[in-house]
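First up is the structure itself, then whatever we jot down about it.
Nothing in this text is a laboratory measurement; each read-out follows from the coordinates by a stated rule. All values reported here derive from a predicted model rather than from experimental measurement. We place every Cβ from the backbone using ideal geometry, glycine too, and count neighbours over all the protein chains shown.
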Amino acid sequence: MHWRRIVIHSLMLIIIFLVSAIMVNPLTDGIKNDTIRVVVKEFIRIGFTIGMFWLYARMLLKKSSAYFRIHKPFKTSIIWVFVGLAMPLTVIVFYVLTQFVVFEKQEQLSLETALSIIIGAIITAFSAGVIEELLFRGYLFKLIEDKWNVVSAVCVTAIVFSALHLLTVSGLQLVDVCLVLIAVSLVGIMLSLIVYKTGNVWNSVVVHIIWNFFMNPKMVQFAPQEGRSHSSLVMLQFKSDSIWITGGTFGIEVALPVVVLYVLIIAGLGFCKTGVRNNSITY
C-alpha cells in the first residue's frame, strides 16, 4: 500500500474517533441524571466507534480484526491486571511516603454519591481504554508497521496519541504542552510495547482501563495547595506547587516521578521476549 493511502486511512480512523467523541454529547445532554447520562453517552460512543472501526477495516482495508491484533474472544493474561493495578498504586504510595501529598479530610459522601462516582469512573475508563487502544495500538499501529517498521509504528502512534491528549485540557502553558507530549508519548510507547510483545491489543486495554479508573480525579484526586474543585473518594493535597511534582495543568499523570515510572516499565518491556501464544512475556 502506498504511503499516501496509509496516511489517508490513518486520518480517516482518527476522524471517526474524534467525531464519535463529539457527537455523543448533544445526543445525551437531555438526560438529567449525571450518572445515567455518562453511562448512556459512553455506551453509545463505544458501540458507534468500534462499529465504524470494524466496518472501515472490513470494507476499505479488507482486513479482519485479528490482523490488527484484536483477537476474539476477549482474552488477556492476569499479569496485565497486576501491572495495571501496580502502576497507580505505586504512584499513590510514592507520593504519600515521600510526603509530596497529605490526605485531606472531606465531608462524608453519601452511598449514592460514592456509587455514582465509581460507576462513572468505571464506564469512562472502560470507554477510553477500549477505544483508544483499538485505534492507536490496533489499527494505526499495524498500518504503519506493515508499511515501514515497528519502530516507526511505536513512535508515530505515541506522538499522535500524546498530541490528541492536548485537546482534552484547556489553558495549557508551553511547559504544560511539553510535559504532556513527553509523558503521554512515553505512555503510548509503553502500551505499544505491551501489544507488540504479546500480540494482543486486549492486554494494553486492561492496563489502560485500570490506570484510568484509579487516576480519575473523582476516584483519587491530587489537589493543588489552593484547594480542590470537586469531591472525590480519596483526596490527596500537594504540599508543593512545583510543576515537576504536580504535573501542572494536565495533572499528576505527567509529573516527573510518574514519567520515571513509565520509563522503568518501558525498559522492562524492552528487555523481555515476545510471548504471543500465551499473551504474556518472558525474560
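Each label point was placed 7 Å from the Cα along the Cα-to-Cβ direction; for Leu166 and Leu55 their separation is 3.2 nm. Neighbours of Trp148 by Cβ distance under 15 Å: Lys/Arg scored +1, Asp/Glu scored -1, total +2. Restricting the GluC sites (Glu not before Pro) of the range 42-122 to loop positions (DSSP other than H, G, I, E, B) with no more than 16 neighbouring Cβ atoms within 10 Å leaves Glu104, Glu107. Stretched out straight at 0.36 nm per residue, the stretch from Ser240 to Ile118 would grow longer than its current Cα-Cα span by 41.1 nm. What is the range 95-137 by shape, rounded, prolate or oblate, if you read a ≥ b ≥ c off the alpha carbon gyration tensor as root eigenvalues and call it rounded for a/c under 1.5, prolate for a/b larger than b/c, and oblate otherwise? Cα axes put the range 95-137 in the oblate bin.
Taking label positions 7 Å along the Cα-Cβ direction at both Cys155 and Arg37, the computed distance is 4.4 nm, reported to one decimal. For the chain, the longest principal axis of the C-alpha atoms and the axis of helix 111-132 are separated by about 30°.
Ranking of Asp146, Asp29 by neighbouring Cβ atoms within 10 Å, starting from the fewest: Asp29, Asp146.
Checked against a 31 Å cut-off, the cross-linked pairs Lys32/Lys75; Lys41/Lys147; Lys75/Lys239; Lys218/Lys239; Lys32/Lys72; Lys63/Lys218 give Cα-Cα distances beyond that limit for Lys32/Lys75; Lys41/Lys147; Lys75/Lys239; Lys32/Lys72; Lys63/Lys218. For the chain, the spherically averaged projection of the C-alpha convex hull amounts to 15.7 nm². Helix-derived [θ] at 222 nm for the chain: sum -39500 (n - 2.57) over DSSP H runs of at least 4, divide by residue count, nearest 500? Calculated from helices alone, the mean residue ellipticity at 222 nm is -21000 deg cm²/dmol. Positive contributions from Lys and Arg (+1) and negative ones from Asp and Glu (-1), summed over other residues with Cβ under 12 Å from the Cβ of Gly247, come out at -3.
Taking the convex hull of the alpha carbon positions in the range 5-72 and averaging its projected area over all directions gives 5.3 nm².
Computing FRET efficiency as 1/(1 + (r/R0)^6) for Phe103 and Val263, where r is the C-beta to C-beta distance and R0 is 22 Å, gives about 0.20.
Would you mind classifying the range 72-210 by shape? Square roots of the alpha carbon gyration tensor eigenvalues, ordered a ≥ b ≥ c; an a/c under 1.5 is rounded, otherwise it is prolate if a/b is larger than b/c and oblate if not. Taking the square roots of the gyration eigenvalues as a ≥ b ≥ c, the range 72-210 is prolate. Out of every Cα-Cα pair that the range 27-146 contains, those further apart than 23 angstrom amount to 53 percent.
Between Val19 and His71, the contour length at 0.36 nm per residue exceeds the alpha carbon distance by 16.2 nm. The stretch between Ile6 and Leu174, if pulled fully straight at 0.36 nm per residue, gains 57.4 nm over its current Cα-Cα span. The mean sequence distance of close C-alpha pairs (under 8 Å, at least 6 residues apart), as a share of the length of the chain, puts its relative contact order at 23 percent.
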